[in-house]
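The values are calculated or read from the model by the stated rules, or taken from the named source; none is laboratory data. Please read these numbers as outputs of a predicted model, since none were measured by experiment. Neighbour counts are summed over all protein chains in view; Cβ atoms, including those assigned to glycine, are modelled from backbone coordinates with ideal geometry. The area values use the complete protein model at the heavy-atom level, side chains included, leaving out ligands, DNA and RNA. Shrake-Rupley method; radii C 1.70, N 1.55, O 1.52, S 1.80 Å.
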Amino acid sequence: MQRKEFIRNASLAAASVAFVPTNQLFARKADQKVKMGIIGVGQRGLNHLDLLLRRSDVELVSICDVDIRTLNEAKGMIQKSGKKMPEIYTGDSYAWKRMLDKKQLDGVVIATPWEWHKDMIIGSLESGIKYVGSEVMIGTSLEDHWEVVHATEKYKANVMMLENVCYRRDVMAILNMVRQGLFGELIHLQGGYQHDLREVKFNDGVNVYGHGVEFGEKGYSEAKWRTEHSVHRNGDLYPTHGVGPIANYININRGNRFNSLCSFSSKARGLHNHIVKQGGENHPNAKVNFRLGDVVTTSINCVNGETVLLQHDTNLPRPYSLGFRVQGTEGLWMDVNKSLYIEGKTAKPHQWEDAKAWLDKYDHPLWQRWSKETEGAGHGGMDFFVIHALIESIKSGKATPLDVYDAATWSAITPLSEKSIDLGSQTVEFPDFTGGQWMYRKPVFSLTDAY
Ligand SMILES: NC(=O)c1ccc[n+]([C@@H]2O[C@H](COP(=O)([O-])OP(=O)(O)OC[C@H]3O[C@@H](n4cnc5c(N)ncnc54)[C@H](O)[C@@H]3O)[C@@H](O)[C@H]2O)c1
């Protein structure tokens with residue numbers, strides 16, 4: 001690119017992102033409750049509902065879902081909490097629009113199937129909501145991601161992906177260690193989503209997990225929609241739990257950025273075998289051809305020279321692991337063996353050391369301060385922090401600690417990996433959603449114990 005063109009693009013980009021809200025812009029009274037709504041109170045939305053109900057600084061104004069069974073579950077939880085029953089929107093797939101039209105929310109949480117996220121995020125922004133917390137994946141195509149970024153900029157709003165693994169206790173202790181330089185200069189990072197989802201992708205239409213091999217209209221919860229993605233798509237369908245923490249370790253979009261990506265897919269056997277084993281070879285679903293390879297491996301390189309390896313592995317028998325590895329010039333941490341090695345600092349040369357004492361020593365200030373509040377919150381307590389961060393950002397009128405550029409960058413790995421696989425595992429260029437601002441933006445995630 002010519003220097004002149006580069007400067008022009010950089011200043012255009014600077015203009016387009018010079019919106020980050022300030023205290024003054026969204027000032028609110030200290031005792032004012034944050035008015036929240038939830039779209040989608042399925043398995044994940046019920047978790048967020050629980051966390052919002054626990055907070056004395058939140059008024060739950062409205063909830064929306066198309067499924068009466070889960071709405072009844074939500075109503076039961078609200079009654080039990082003793083809080084006022086919110087307005088309930090249901091009846092058709094666009095009831096959420098009627099909810100947003102009421103224009104009474106400070107923020108909204110979206111926990112619906114992936115294919116709805118882009119429309120619901122943009123619909124929320126168009127209705128004037130300045131803070132949107134969306135569950136993981138903010139779109140399905142690359143165009144979706146650009147549209148969400150552009151809408152967020154246009155409406156001068158905040159879109160935070162509710163990526164809870166960024167707040168996992170060991171992940172945050174390692175962030176603390178990375179920032180204190182214990183691993184030296186980071187060189188290579190690994191992570192992924194390695195979770196046997198066969199009993200999530202199939203059920204009997206009644207139970208959430210397992211008990212059958214139905215999906216689509218005959219399935220319930222994620223089996224109703226998520227499995228279709230395994231039928232029609234081949235790529236890293238769920239990159240954000242792995243890449244979110246990694247992006248924070250190496251300051252992606254904040255002094256660094258992903259440059260290019262290449263994905264390989266294995267053959268697909270796991271889902272078909274599961275159907276045959278559980279439902280018999282004459283079950284109609286035994287004829288379904290699943291496009292999603294059982295193990296999809298993605299390599300990304302960064303402009304600052306690090307390499308990142310992500311694995312998506314959800315169709316085979318295996319114990320759960322996100323497979324983190326954080327490796328620098330002085331040593332490394334791996335979460336599978338819960339061990340680390342730091343040259344000259346861990347006890348014996350060439351030998352792993354149990355990570356526990358290190359993780360305790362470098363426990364992140366955020367966990368030290370809020371661990372009591374995390375009790376009972378989902379996924380070992382880390383779910384508390386995403387809702388906490390969203391609400392505290394609204395209260396302070398500041399930008400959310402994970403922003404739309406993070407969300408778009410992490411979530412866009414899915415369509416990029418699909419494209420790479422489609423092209424025979426060719427390397428594809430990674431878009432710069434920040435429009436050049438990655439060079440000037442500074443790390444902000446969890447720098448203090450506030451949120
Ligand atoms: N961060 C995590 O740890 C985590 C864990 C589980 C799920 N998730 C994510 O949360 C999201 C929801 O997953 P889930 O497990 O709750 O799925 P789910 O199927 O249990 O819940 C989705 C809900 O959305 C509702 N819905 C669908 N279309 C709608 C519409 N047009 N309007 C209103 N409601 C609608 C469904 O009726 C359902 O109740 C997904 O993005 C998923 O990837 C994240």
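Here are a few things to note about the model shown:
- Residue among 192, 210 that alone is under 20 Å from the mean Cα position of the chain (by Cα) and open to solvent by less than 50 Å² (accessible area, probe 1.4 Å): 192
- Failed item in (1) within 16 Å of the ligand (Cβ to nearest atom); (2) open to solvent by less than 30 Å² (accessible area, probe 1.4 Å); (3) farther than 23 Å from residue 392 by Cα; (4) in contact with a Phe, Trp or Tyr (Cβ under 9 Å, 6 or more places away or on another chain), with residue 228 passing the rest: (2)
- Taking the criterion of being in contact with a helix residue (DSSP H, G or I) (Cβ under 9 Å, 6 or more places away or on another chain), touching a residue at least 24 places away in the same chain (Cβ under 8 Å) and not in a loop (DSSP other than H, G, I, E, B), the residues of region 314-347 that qualify are 326, 328, 333, 342.
- Close pairs from region 33-48: first on the phi > 0 side of the Ramachandran plot, partner surrounded by 21 or more Cβ atoms within 10 Å (Cβ to Cβ), Cβ under 7 Å, at least 6 apart: 40/65; 40/110; 40/111; 40/112
- When residues in region 152-174 are screened for being in a helix (DSSP H, G or I) and either touching a Leu at 6+ places or on another chain (Cβ under 9 Å) or over 30 Å from residue 120 (Cβ atoms) (or both), 11 of them pass.
- Residue in region 324-341 that is of a type in the set (A, V, I, L, M), more than 16 Å from residue 177 (Cβ to Cβ) and open to solvent by less than 10 Å² (accessible area, probe 1.4 Å) present: no
- Some residue of region 244-267 being part of a loop (DSSP other than H, G, I, E, B), touching a residue at least 60 places away in the same chain (Cβ under 8 Å), within 16 Å of the ligand (Cβ to nearest atom) and touching a helix residue (DSSP H, G or I) at 6+ places or on another chain (Cβ under 7 Å): no
- Condition met for residue 264 (open to solvent by 60 Å² or more (accessible area, probe 1.4 Å), of a type outside the set (S, T, N, Q) and out of contact with any Cys (no Cβ under 6 Å at 6 or more places or on another chain)): yes
- Flag set for residue 131, criterion: buried (at least 24 other Cβ atoms within 10 Å of the Cβ), modelled with pLDDT of 95 or more and more than 10 Å from the ligand (Cβ to nearest atom).
- One residue stands out among those in region 408-430 that are touching a Gly at 6+ places or on another chain (Cβ under 9 Å) and aliphatic (A, V, I, L, M): the one that is most open to solvent (accessible area, probe 1.4 Å), which is 421.
- Pairing residues of region 108-126 that are among the basic types (Lys, Arg) with residues that are modelled with pLDDT of 95 or more and away from the ligand (no atom under 12 Å from the Cβ), at Cβ distances under 6 Å and at least 6 apart in sequence or on separate chains, gives 118/144; 118/148.
- Close pairs from region 291-305: first of a type in the set (Ser, Thr, Tyr), partner outside any loop (DSSP other than H, G, I, E, B) and open to solvent by 10 Å² or more (accessible area, probe 1.4 Å), Cβ under 6 Å, at least 6 apart: 297/264; 297/311; 299/262; 299/309
- Selection of region 414-449 for residues being in contact with a Pro (Cβ under 9 Å, 6 or more places away or on another chain), closer than 29 Å to residue 36 by Cβ and of a type outside the set (S, T, N, Q) yields 444, 445, 447, 449.
- Note on region 267-315: residues that are within 19 Å of residue 235 (Cα to Cα), open to solvent by 20 Å² or more (accessible area, probe 1.4 Å) and of a type in the set (A, V, I, L, M) amount to 4.
- Restricting attention to region 372-406, the residues that are among the small types (Gly, Ala, Ser) and at pLDDT below 95 total 5.
- The set of residues from region 67-111 being open to solvent by 20 Å² or more (accessible area, probe 1.4 Å) and either under 23 Å from residue 156 (Cα atoms) or under 23 Å from the mean Cα position of the chain (by Cα) (or both) comprises 97, 98, 101, 102, 103, 104, 105, 106.
- Check on residue 140, open to solvent by less than 30 Å² (accessible area, probe 1.4 Å), in contact with a helix residue (DSSP H, G or I) (Cβ under 9 Å, 6 or more places away or on another chain) and within 12 Å of the ligand (Cβ to nearest atom): no
- Restricting attention to region 46-65 and to residues that are in contact with an Asp or Glu (Cβ under 7 Å, 6 or more places away or on another chain) and within 11 Å of the ligand (Cβ to nearest atom), the residue that is farthest from residue 375 (Cα to Cα) turns out to be 46.
- Residue in region 366-386 that is open to solvent by less than 40 Å² (accessible area, probe 1.4 Å), part of a strand (DSSP E or B) and closer than 26 Å to residue 182 by Cα present: no
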